[in-house]
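A.B. asks: Just dropping this structure here.
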Amino acid sequence: MNALIRSEFRKVFSTKLLWILSLSALAFMLLQIFLSVLVTPPGFEDLNQLMDPAYIKTIIASAGAASIFLLILGIVAMSGEYRNQTITSTFLTTPVRWRVMASKMITFAILALGLALVLWFIAAITTMLLLGTQESAPFEWSAAFEILGGTLIGLVLYAILGVAIGSLITSQVAAIVIALVFSFVVEPLITVFFLSIGKWLPGSALNAILQTGGGGPDSSASDLLSVPVGIGVLVGYTVVLSVAAALITNKRDIT
């Protein structure tokens with residue numbers, strides 16, 4: 001297994017994809033932070049949300065925005081083997097197919113862990129510096145550290161989910177499109193119209209882990225799952241999809 005993991009690291013760092021998605025995640029996160037601190041949403045002109053400590057925690061939780069990029073990275077890692085037609089030689093080298101999947105999941109979980117730490121630190125420092133230019137509640141590192149655990153767990157699980165999805169849907173384009181459409185269209189619509197169902201979906205579970213919400217009069221924090229339940233739900237999705245991917249991959253004819 002150690003040899004497989006080392007091989008996966010070599011594959012990852014031999015391409016520019018990791019750096020492209022990491023920088024994209026960083027840019028997306030910083031955009032969210034700058035907009036949250038410097039731009040007043042319509043309807044909130046008479047309310048300084050920055051005076052709410054819960055809203056400041058939500059800003060720091062922007063580090064969790066990298067989850068979609070980790071999901072894509074995991075998808076590409078597995079589906080790319082099929083797209084580039086290297087999957088046959090990979091499975092011939094390692095006939096026990098679940099070991100290949102497990103090595104990829106471990107590799108990208110480690111990468112997600114490191115990226116989560118970096119993004120969380122940048123998010124906290126950026127938020128602290130920007131709040132210093134505005135009338136706001138004081139920045140509290142204790143609140144930032146409450147977000148750290150959720151960021152680590154959320155990004156690691158999303159990276160593993162990506163590998164599982166890339167195993168289930170071997171077409172790289174289809175897997176990415178389905179993941180994006182579900183994350184940005186299907187799940188938000190379900191959550192808006194059927195909240196009792198939507199809060200149990202992966203994105204809402206991630207929001208619960210990150211403790212997002214809680215800022216402003218229209219806060220939906222009370223509609224989120226508790227942090228432990230959110231972790232359990234996201235772990236459940238990860239385990240179910242990973243097991244399904246392992247079973248299907250083991251029986252799939254790849255030639």
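The values are calculated or read from the model by the stated rules, or taken from the named source; none is laboratory data. Here the structure is a predicted model, which is why all the values come from computation and not from measurement. Positions of Cβ are backbone-derived with ideal geometry, glycine not excepted, and every protein chain shown enters the neighbour counts. Note: areas computed on protein heavy atoms with side chains; ligands, DNA, RNA excluded. Shrake-Rupley method; radii C 1.70, N 1.55, O 1.52, S 1.80 Å.
A.B. asks: Once every DSSP H run of n ≥ 4 in the chain is given -39500 (n - 2.57) and the sum is divided by its residues, what mean residue ellipticity at 222 nm do you get, rounded to the nearest 500 deg cm²/dmol?
C.D. replies: Values: 12 runs with 184 residues, N = 255.
So the helix-based figure for the chain works out to -23500 deg cm²/dmol.
A.B. asks: So, one more: By the scheme Lys and Arg +1, Asp and Glu -1, what is the net charge of all other residues having a beta-carbon under 15 Å from that of Ile60?
C.D. replies: Numbers: positive: Lys57; negative: Asp52, Glu140, Glu146.
Around Ile60, the surrounding residues sum to -2.
A.B. asks: Still on this structure, I have one more. If you add up the charges near Ile5, with Lys and Arg at +1 and Asp and Glu at -1, over every other residue whose beta carbon is less than 12 angstrom from its beta carbon, what do you get? Working shown, then result.
C.D. replies: Details: positive: Arg6, Arg10, Lys11, Arg99, Lys104; negative: Glu8.
Cβ neighbours under 12 Å give a net charge of +4.
A.B. asks: OK, next. Have a look at Ile160, Leu129, Ala208 and report the one farthest towards the positive end of the charge dipole of region 96-250, computed about the Cα centre with Cβ charges (Lys/Arg +1, Asp/Glu -1).
C.D. replies: Ile160
A.B. asks: Can you list residues whose amide H is under 5 Å from Ala137's amide H, if they're 5+ apart or on another chain and H is modeled 1.01 Å from N?
C.D. replies: Amide H to amide H, under 5 Å and 5 or more residues apart or across chains, Ala137 pairs with Met51, Asp52.
A.B. asks: Find the accessible area per residue for region 72-137; the probe is 1.4 Å, ligands and nucleic acids are left out, and the unit is Å². List each step's numbers first, then the result.
C.D. replies: Details: 2910 Å² over 66 residues.
On a per-residue basis, 44 Å².
A.B. asks: Provide Met128, Met78 ordered by accessible surface of protein heavy atoms (probe 1.4 Å), highest first.
C.D. replies: Numbers: Met128 70, Met78 0 Å².
Largest to smallest exposure gives the sequence Met128, Met78.
A.B. asks: How many percent of the accessible area of the chain is carbon or sulfur, using a 1.4 Å probe? Walk me through the numbers before you get to the answer.
C.D. replies: Working: 8600 of 12390 Å².
Carbon and sulfur atoms account for 69 percent of the accessible area of the chain.
A.B. asks: Residue separation times 0.36 nm, minus the C-alpha to C-alpha distance between Thr40 and Arg6: what's the value? Intermediate values should be presented prior to the final figure.
C.D. replies: Numbers: separation 34, 0.36 × 34 = 12.24 nm, distance 4.71 nm.
Additional length available on full extension: 7.5 nm.
A.B. asks: For region 92-114, list residues with backbone N below 16 Å from a point placed 7 Å from the Cα of Ser14 toward its Cβ?
C.D. replies: 92-94, 104, by backbone N distance to the label point.
A.B. asks: Same structure, new question: Using a 1.4 Å probe, how large is the accessible area of Met1, given in Å² and rounded to the nearest 10?
C.D. replies: Approximately 70 Å² for this residue.
A.B. asks: Which option, [x] 33.5, 110; [y] 17.4, 54; [z] 19.3, 65, is the value of Rg and Dmax of the Cα atoms in Å that was calculated from these coordinates?
C.D. replies: Only one listed value fits the structure, namely [z].
A.B. asks: How much solvent-accessible surface does Thr126 expose, in Å² to the nearest 10, with a 1.4 Å probe and all protein chains in place?
C.D. replies: Approximately 20 Å² of Thr126 is accessible to the 1.4 Å probe.
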